[in-house]
Ligand code: SF4
């Protein structure tokens, strides 16, 4: 896209600081059901589901965890079976050997250092084996203590299209978003972009004509 066109489009929609609240408000109204798609009923299940979701779909994880959470209820349960049995039980989520190893390591640390409870801060969560910053971010946010903004492929694409960041690197995108998005919305914001990205602002062919924020978006095609 020519630079002059981008410049004109940015001028038309106004500064991002003035647009961010209306963007959040309208997306909230358009996607009142926007929330995490992984099913869980307690912090331990949430942590396990997010760890299993790497490199696979949420639907796939939900299929596996339905039986998994019946069988494994406490951190001790994951260590009570032979590693191969846990591998078999999570096989369908892919990368099952690595994921089983991470789960066992995490359960061991939860028991030894956190009384079997899931910690709430990112700094503690990233200490758990196999828990990267993105996983920690999701878990902390869902437990009501967001300390960052989750950046996945949808959040990245929409943030760029909306002119909220010029960065490519997820860590830098997160930094830009944290400066812009009001703190009380850090947990919800990624869900709004993810759901809008799945339903309207599709990767290949965004449906700008039916987008509720097209007048606030410098990439709008209408
Ligand atoms: S106007 Fe188009 S590009 Fe912008 S957010 Fe909406 S669908 Fe995406």
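Filter the stretch 193-207 down to the residues that are surrounded by 21 or more Cβ atoms within 10 Å (Cβ to Cβ) and more than 11 Å from the ligand (Cβ to nearest atom) and list them by number. Selection gives 194 alone. Is it the case that the stretch 21-31 has a residue that's modelled with pLDDT of 95 or more, outside any helix (DSSP H, G or I) and either under 15 Å from residue 142 (Cβ atoms) or under 17 Å from the mean Cα position of the chain (by Cα) (or both)? Looking for residues that are modelled with pLDDT of 95 or more, outside any helix (DSSP H, G or I) and either under 15 Å from residue 142 (Cβ atoms) or under 17 Å from the mean Cα position of the chain (by Cα) (or both), one finds at least one in the stretch 21-31, hence yes.
Matching residues to (1) without any contact (Cβ under 8 Å) to a residue 24 or more places away in the chain; (2) outside the structural domain of residue 130 (by TED's automatic domain parsing):
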{"residue": "8", "(1), (2)": "yes, yes"}
{"residue": "17", "(1), (2)": "no, yes"}
{"residue": "22", "(1), (2)": "no, yes"}
{"residue": "36", "(1), (2)": "no, yes"}
{"residue": "49", "(1), (2)": "yes, no"}
{"residue": "56", "(1), (2)": "no, no"}
{"residue": "60", "(1), (2)": "no, no"}
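Only residues that are over 18 Å from residue 22 (Cα atoms) and under 14 Å from the mean Cα position of the chain (by Cα) were counted across the stretch 161-208, and they come to 5. From the list 163, 94, pick out the single residue that is modelled with pLDDT of 95 or more and more than 29 Å from residue 216 (Cβ to Cβ). Sole residue among the options that is modelled with pLDDT of 95 or more and more than 29 Å from residue 216 (Cβ to Cβ): 94.
Answer yes or no as to whether residue 86 is touching a helix residue (DSSP H, G or I) at 6+ places or on another chain (Cβ under 7 Å) and part of a loop (DSSP other than H, G, I, E, B). Reasoning before the result, please.
Values: touching a helix residue (DSSP H, G or I) at 6+ places or on another chain (Cβ under 7 Å): yes; part of a loop (DSSP other than H, G, I, E, B): no.
Judged against the criteria, residue 86 is not a match.
Among residues of the stretch 211-222 that are within 19 Å of residue 25 (Cβ to Cβ) and in a loop (DSSP other than H, G, I, E, B), those with a beta-carbon under 6 Å from a residue that is near the ligand (Cβ under 7 Å from one of its atoms) and modelled with pLDDT of 95 or more at least six positions away or on a different chain give the pairs 211/200; 217/162; 220/208; 220/214.
Residue 74 fulfils the conditions (1) loosely packed, with under 14 Cβ neighbours inside 10 Å; (2) within 19 Å of residue 143 (Cβ to Cβ); (3) without any contact (Cβ under 8 Å) to a residue 40 or more places away in the chain except for a single criterion, (3). For the condition part of a helix (DSSP H, G or I) and either within 16 Å of the ligand (Cβ to nearest atom) or surrounded by 21 or more Cβ atoms within 10 Å (Cβ to Cβ) (or both), residue 190 qualifies.
Note on the stretch 105-125: residues that are over 24 Å from residue 87 (Cβ atoms) and either in a loop (DSSP other than H, G, I, E, B) or not assigned by TED's automatic domain parsing to the domain that holds residue 49 (or both) amount to 5. Within the stretch 152-164, residues that are closer than 17 Å to residue 186 by Cα reach partners that are within 11 Å of the ligand (Cβ to nearest atom) and in a helix (DSSP H, G or I) with beta carbons closer than 6 Å, at six or more positions or on different chains, in the pairs 154/193; 154/197; 155/193; 158/193; 158/197. Look at residue 148 and say whether it is within 19 Å of residue 54 (Cβ to Cβ) and either assigned to a loop (DSSP other than H, G, I, E, B) or modelled with pLDDT under 95 (or both). When the stated conditions are applied, residue 148 passes them. Exactly one condition in (1) modelled with pLDDT under 95; (2) under 20 Å from the mean Cα position of the chain (by Cα); (3) within 8 Å of the ligand (Cβ to nearest atom) is false for residue 221; which is it? In the conditions (1) modelled with pLDDT under 95; (2) under 20 Å from the mean Cα position of the chain (by Cα); (3) within 8 Å of the ligand (Cβ to nearest atom), residue 221 misses (2) alone.
The values are calculated or read from the model by the stated rules, or taken from the named source; none is laboratory data. Here the structure is a predicted model, which means the values were calculated and not measured. Please note: Cβ atoms are built from the backbone with ideal geometry, for glycine as well, and neighbour counts cover all protein chains shown.
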